[in-house]
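Have a look at the structure below before the remarks.
Since every read-out is calculated from the coordinates, none of them should be taken as a lab result. All figures in this text were calculated on a predicted structure; none of them were measured in a lab. Cβ coordinates were reconstructed from backbone atoms using ideal geometry, including for glycine residues, and neighbour counts include every protein chain displayed.
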Amino acid sequence: MSRIAYVNGRYVPHGAAQVHVEDRGYQFADGVYEVCEVRNGHLIDMRLHLDRLDRSLAALRIPSPMSRAALERVLKETARRNRVRNGLVYLQITRGVAPRDQVFPPAGTPPGIVVTARALNSAARQKAAAEGIRVISLPDNRWERVDIKTVGLLPNVLAKQAAREAGAQEAWLVDANGFVTEGASSNAWIVTLAGTLVTRPAEHGILRGITRTVVMEEAAALGLALEERAFTLREAHEAAEAFITAATALVMPVVQLDGRPIGQGAPGPVACQLRQQFHDFAEICP
Ligand code: PDD
């Protein structure tokens with residue numbers, strides 16, 4: 001089936017979708033993005049993703065290319081045209097096209113917008129969750145504003161590749177004080193031996209994940225204790241369980257850290273319950 005991409009106002013065949021060579025996203029990573037889950041044909045937590053998009057755009061002073069209602073229509077329409085029932089939509093907005101110069105282009109330069117959608121293999125995702133994933137740790141060498149969801153992801157790319165080459169699926173990034181910040185493309189969690197969920201507070205050191213926000217609400221509703229505080233690798237090694245959260249992974253159990261098993265070395269009951277019941281707490285877009 002042919003894929004379709006939305007590029008600057010037009011739906012075009014994915015293979016022919018192009019942006020200009022002087023798009024500032026391409027030249028300076030001067031842009032922001034969102035990834036939203038599609039489940040049973042519905043967008044999940046779109047409102048929260050678009051709220052965060054607004055915050056990212058405002059932080060970088062990039063004007064929104066269209067109204068919220070129009071953006072919602074494009075996201076849904078891109079998922080629909082690609083016949084994605086279960087998968088992801090990807091949205092990227094850049095500061096637009098201008099002759100290469102670090103300073104902002106003239107006011108009125110239209111921002112660039114691209115939306116794509118793709119299906120994910122539900123069975124493969126379920127299998128990954130049933131097995132759990134392996135994680136390695138690496139120094140966090142990103143800039144200070146990782147709370148902005150920019151397309152400047154080179155440290156994340158290198159960390160993810162290092163994880164892959166080490167036989168792992170994610171890298172947990174560690175700050176100068178020895179505390180885990182987050183994963184290369186996910187938020188990091190542990191469950192202590194006493195059963196308390198621990199995840200880093202969403203200040204500037206991490207991206208405030210939408211999945212993280214929903215899991216916090218879920219944990220409260222399920223009566224699970226939660227501490228929003230930074231944790232060390234040592235605490236993670238001694239934890240009963242660990243997991244990551246992201247729109248692409250939902251709640252994904254972590255069974256190994258730097259080659260050593262976490263807990264029983266198998267997906268833990270808390271992570272499994274949070275995964276199973278996640279969509280009871282997420283917002284399903286009509
Ligand atoms: N990444 N932290 C980082 C660095 C991320 O890149 C992501 C998501 C998250 C989790 O955010 P959310 O729960 O809103 O998906 C945390 C997306 C999925 C990606 O880059 O593919």
Q: Could you give the C-alpha radius of gyration of segment 206-274 expressed as a fraction of 2.2 N^0.38 Å, taking N as the number of residues it contains?
A: 1.10
Q: Express in whole angstrom the spacing between the alpha-carbon centres of segment 4-21 and segment 133-158.
A: 28 Å
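Just to check, using Stokes-Einstein with a Kirkwood Rh over alpha carbon pairs, what's the diffusion coefficient of segment 82-155 at 4 °C and 1.567 mPa s in µm²/s? Show your work: numbers first, answer last.
Working: Rh = 16.6 Å.
The calculation lands on 78 µm²/s.
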Q: Pull up all non-local amide H partners of Ala5: gap of 5 or more, or a different chain, and H-to-H distance under 5 Å with H placed in the peptide plane.
A: Val12, His14
**Q.** Cross-link partners of Lys76 among lysines (Cα-Cα below 23 Å; sequence separation of 8 or more within a chain)
**A.** Lys149
Q: For segment 32-108, list log₁₀ I(q)/I(0) at each q in 0.16, 0.18, 0.24 Å⁻¹, using the Debye formula over Cα point scatterers of equal strength and ignoring solvent, two decimals each.
A: -0.63, -0.75, -1.10
**Q.** Projected-area mean, segment 73-216, by convex hull of Cα positions, square nanometres
**A.** 12.2 nm²
Q) Binning every alpha carbon pair distance of the chain at 10 Å from zero, what are the percents per bin? A) 6, 28, 34, 23, 8, 1
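Indicate the gyration tensor shape class of segment 139-180 (rounded, prolate or oblate), computed on the Cα atoms with a ≥ b ≥ c the square roots of the eigenvalues: a/c under 1.5 is rounded; otherwise a/b larger than b/c is prolate and the rest oblate.
oblate
Order of 35-43, 90-98 by packing, highest average Cβ count within 10 Å first?
Details: 35-43: 19.1, 90-98: 21.6.
Peptide ranking by packing, descending: 90-98, 35-43.
Determine one quarter of the surface area of the Cα convex hull of segment 125-285, which equals its mean projected area, and express it in nm² to one decimal. Could you put the intermediate results ahead of the total?
Working: hull surface 35.5 nm².
Convex hull of Cα atoms, orientation-averaged projection: 8.9 nm².
More than 12 angstrom separation, counting every C-alpha pair in segment 117-167; what % is that?
Values: 945 of 1275 pairs.
That fraction is 74 percent.
When a/c reaches 1.5 or more, the comparison of a/b and b/c decides; with that in mind, is segment 165-218 rounded, prolate or oblate per its Cα gyration tensor?
On the way: a/c = 1.41, a/b = 1.30, b/c = 1.08.
It is rounded, given that a/c, with a ≥ b ≥ c, falls under 1.5.
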Q: Quick one: angle between helix 210-221 and the longest Cα principal axis of the chain, in degrees between 0 and 90, rounded to 10, please.
A: 40 degrees
Q.
With the crude spin-label approximation of a point 7 Å out along Cα→Cβ, what separation in nm comes out for Gln161 versus Tyr11?
A. 3.6 nm
Q) Any number yet on Rg/Rh for segment 12-140, C-alpha, Kirkwood? A) 1.03
**Q.** Separation of the Glu144 and Arg260 label points, Cα + 7 Å toward Cβ, nm
**A.** 3.3 nm
